[in-house]
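To start, the structure under review is shown below, and the notes come after it.
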Amino acid sequence: MNRPLLVAWSGGKDSALALERLRSDPAWRVAGLLTSVTEAYDRVSIHGVRRSILHAQAAALGLPLFEATLAPGADNAAYEASFAAALARARASEPGLDAIAFGDLFLADVRAYREALLARLGWHGVFPLWGEDTRELARAFVERGHRAIVCCVDTHQLDGALCGRDYDAALLGTLPPGCDPCGENGEFHTCVHGGPLLGRTIGLVRGERVLREGRFAYVDLVEASSGRSGS
């Protein structure tokens, strides 16, 4: 009998790869997605992707979405409280739910933090991609027809001009030595908008580009049908 679990959904390629892996594993049944959203900006935390695109992703995946809402500049205690509340809402929708999967790849300190937090909340973490070769994961993502756009670049680690590029074989070929091809060290983040997981392709237009905190380059992705632009 398969067990229900949530997927921590950033909207990017690693969470998509984790979801794909779990959907092919008969031991698990994905019951929903959980995402952190900075409410005042209506955007996915860290990635800076519009909330409307997040909702379009969830609809295209056919999965319920649970949001952990944060205020701008929220500290770790506020994050943990919002995360716990979102988990509680998910469990209320499906009693017995006690597992959440992450697309983490090799950062041991991040995994240890997640496992400690979940243990305090009576949950446990699942890490379906853990320890795998990130070059192979990146290549497989592209070869299986997943489509994503680089939505944020840490310009202290990577050329900000890569922000807004398609995450494809050409981009992987231009990444400098030392840059993880999955961006596991925070070099960049992505937004998935098409491919075998989604029931439809989400048409996206690249809008305004901004640099925040003197470091993080963002491109404002807008649904093609919305006709909106700007931050």
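The values are calculated or read from the model by the stated rules, or taken from the named source; none is laboratory data. Please read all numbers here as calculations on a predicted model, not as lab measurements. Positions of Cβ are generated from backbone atoms using ideal geometry, with glycine treated the same way; all protein chains shown enter the neighbour counts.
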(message) Any residue that is in contact with a His (Cβ under 7 Å, 6 or more places away or on another chain) and either outside any strand (DSSP E or B) or closer than 24 Å to ALA116 by Cα (or both) - is there at least one of those in region 28-37?
(response) no
(message) Scan region 11-26 and tell me whether some residue there is touching a residue at least 40 places away in the same chain (Cβ under 8 Å), outside the structural domain of GLY195 (by TED's automatic domain parsing), among the hydroxyl-bearing types (Ser, Thr, Tyr) and surrounded by 15 or more Cβ atoms within 10 Å (Cβ to Cβ).
(response) yes
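Please pick out the residue among ALA85, ALA68, ALA81 that is surrounded by 15 or more Cβ atoms within 10 Å (Cβ to Cβ) and either among the aliphatic types (A, V, I, L, M) or closer than 19 Å to CYS151 by Cβ (or both).
Values: ALA85 fails: surrounded by 15 or more Cβ atoms within 10 Å (Cβ to Cβ); ALA81 fails: surrounded by 15 or more Cβ atoms within 10 Å (Cβ to Cβ).
Just a single option satisfies the conditions, and that option is ALA68.
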(request) Taking ASP98 as meeting all but one of (1) charged (D, E, K, R); (2) more than 24 Å from VAL7 (Cα to Cα); (3) more than 18 Å from the chain's Cα centre (by Cα), write down the number of the exception. (result) (2)
(request) Residues being of a type outside the set (A, V, I, L, M) and farther than 22 Å from VAL210 by Cβ: count how many of those fall in region 151-178. (result) 6
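Among the strands (runs of 3 or more DSSP E) lying completely within region 165-231, list those that include at least 1 residues that are farther than 19 Å from ASP14 by Cα, of a type outside the set (Gly, Ala, Ser) and touching a strand residue (DSSP E or B) at 6+ places or on another chain (Cβ under 7 Å).
Because the criterion is at least 1 residues that are farther than 19 Å from ASP14 by Cα, of a type outside the set (Gly, Ala, Ser) and touching a strand residue (DSSP E or B) at 6+ places or on another chain (Cβ under 7 Å), the strands (runs of 3 or more DSSP E) in region 165-231 that meet it are 204-212, 216-223.
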(message) Residue under question is ALA78, and the condition is that it be assigned to a strand (DSSP E or B) and among the aliphatic types (A, V, I, L, M); does it hold?
(response) no
(message) Checking ARG114 against (1) assigned by TED's automatic domain parsing to the domain that holds LEU87; (2) surrounded by fewer than 17 Cβ atoms within 10 Å (Cβ to Cβ): exactly one of these is not met. Which one?
(response) (2)
(message) Whether any residue in region 49-57 is farther than 21 Å from GLY199 by Cα and touching an Asp or Glu at 6+ places or on another chain (Cβ under 7 Å) is what I want to check.
(response) no
(message) So in region 31-63, with the set limited to residues that are touching a helix residue (DSSP H, G or I) at 6+ places or on another chain (Cβ under 7 Å) and free of Cβ contacts under 8 Å to residues at least 40 places away in the same chain, which one is farthest from CYS163 (Cα to Cα)?
(response) LEU33
